[in-house]
Structures are given as structure tokens and as C-alpha cells.
Amino acid sequence: MHTCDMCRNENIRHVHAMQHASFEEELLVGCVCAEKMETACVVTPKRREGRLRSRAKSREKWLDRAWRRSANGNAFLRHQGAVFLSAKKGHRWRAAWKLAASEAWTNVPGTYSTEADAMLAAFDARYPPRILVSEMQARDR
């Protein structure tokens with residue numbers, strides 16, 4: 001939980017990072033305060049928060065998806081036009097993902113102590129927990 005920088009509500013689950021001309025730093029606020037700050041914006045904070053909630057549910061179910069094993073023992077998953085990979089590297093795990101039509105893998109920085117952590121890191125790399133207004137406007141066009 002987080003405390004809203006505007007109204008001081010202490011029960012903010014989904015944080016909206018906002019910028020305002022009157023403040024140098026980002027304000028971390030809840031949905032209601034974000035709506036007050038974005039009165040002229042086409043993409044409402046409620047829609048952004050809805051997408052973040054959807055992402056959170058997808059992440060919760062990520063490890064339960066139909067991960068398969070390659071011939072060399074690496075776990076992989078095909079999902080929404082992408083391929084995700086978790087591979088053992090010594091005593092640690094690494095993660096990568098790529099668009100299915102691409103040959104180029106995007107390596108996720110760092111190594112992980114468990115295969116599950118690497119799988120979740122691949123999810124986070126492909127579906128970051130921060131949604132920009134400009135990204136949503138581009139999707140809606």
C-alpha cells in the first residue's frame with residue numbers, strides 16, 4: 001500500500017505517477033486524485049488502472065500457464081505472439097523473451113535464484129507494471 005501525495009489517503013493499491021507544472025517531482029497518487037489532475041486527458045486514470053489490474057491478474061496466473069520444456073531442458077512459453085524462456089545458468093536462472101516472428105531474443109538483465117523468479121522476470125520485462133498515457137493513446141488509435 002502507498003500513501004497518496006495529494007490527499008494523503010494511506011490505502012492506495014495502484015499508484016499513478018503524475019507530473020504537474022506546479023511541482024518539480026512526480027506525484028504518486030491514487031485513481032481519484034489522478035483524475036482530478038488529468039481533467040483534459042482522453043485516457044482516464046480509471047482505464048489505466050483497469051489495465052494495471054488486468055496485468056496483475058495475468059501475472060498471478062503466469063506460472064500456472066502451459067510452460068513446456070525444450071530438448072535442452074529450458075522452460076518456454078508461447079503467449080500472445082511472443083515466446084518466453086527460462087534457462088539455467090550455473091546455479092542460477094536467466095530469462096529472455098522475443099516476438100514469435102523475430103529471431104532476436106531480448107535478455108532480461110540479471111540472474112535469478114529460482115526458475116519461477118526467472119519466469120516472472122520475463123513477464124515483467126515484456127509487460128512492465130508502468131503504463132504511459134502515450135502508449136494507451138497509441139493502442140486506442
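The values are calculated or read from the model by the stated rules, or taken from the named source; none is laboratory data. Keep in mind that what you see is a predicted model, and the values were worked out from it rather than measured. Neighbour counts run over all protein chains shown; Cβ positions are idealised from the backbone, glycine included. For the accessible areas, the whole protein counts, side chains as well, though only heavy atoms, and no ligand, DNA or RNA atoms are used. Shrake-Rupley method; radii C 1.70, N 1.55, O 1.52, S 1.80 Å.
Scanning segment 100-110 for residues that are in contact with a strand residue (DSSP E or B) (Cβ under 7 Å, 6 or more places away or on another chain) and part of a loop (DSSP other than H, G, I, E, B), we see that the one that is least open to solvent (accessible area, probe 1.4 Å) is Val108. Looking across segment 111-131 at every residue that is over 11 Å from the mean Cα position of the chain (by Cα) and either under 17 Å from His79 (Cα atoms) or without any contact (Cβ under 8 Å) to a residue 24 or more places away in the chain (or both), the one that is least open to solvent (accessible area, probe 1.4 Å) is identified as Ala118. Cβ-Cβ contacts under 7 Å between residues 6 or more apart (or on different chains), taken from a first residue in segment 62-80 that is touching a residue at least 60 places away in the same chain (Cβ under 8 Å) to a second residue that is surrounded by 10 or more Cβ atoms within 10 Å (Cβ to Cβ), are listed as Trp62/Met119; Trp62/Leu120; Trp62/Phe123.
Quick check: anything in segment 73-85 farther than 30 Å from Cys4 by Cα and open to solvent by 100 Å² or more (accessible area, probe 1.4 Å)? It would help to see each step written out before you state the result.
Initially, segment 73-85 is screened for residues farther than 30 Å from Cys4 by Cα, giving 73-85.
Filter once more, keeping what is open to solvent by 100 Å² or more (accessible area, probe 1.4 Å): 78, 80.
Checking segment 73-85: at least one residue is farther than 30 Å from Cys4 by Cα and open to solvent by 100 Å² or more (accessible area, probe 1.4 Å).
Look at segment 1-16: where a residue is modelled with pLDDT of 80 or more and part of a loop (DSSP other than H, G, I, E, B) and a partner is of a type in the set (Val, Ile, Thr) and open to solvent by less than 80 Å² (accessible area, probe 1.4 Å), sitting 6+ places away or on another chain with Cβ atoms under 6 Å, you get Cys4/Ile12; Cys4/Val29; Asp5/Val29; Met6/Val29; Glu10/Thr3. Restricting segment 14-55 to residues that are in contact with a strand residue (DSSP E or B) (Cβ under 8 Å, 6 or more places away or on another chain), within 27 Å of Leu120 (Cβ to Cβ) and charged (D, E, K, R), which is surrounded by the most Cβ atoms within 10 Å (Cβ to Cβ)? Going through the qualifying residues, I end up with Arg48.
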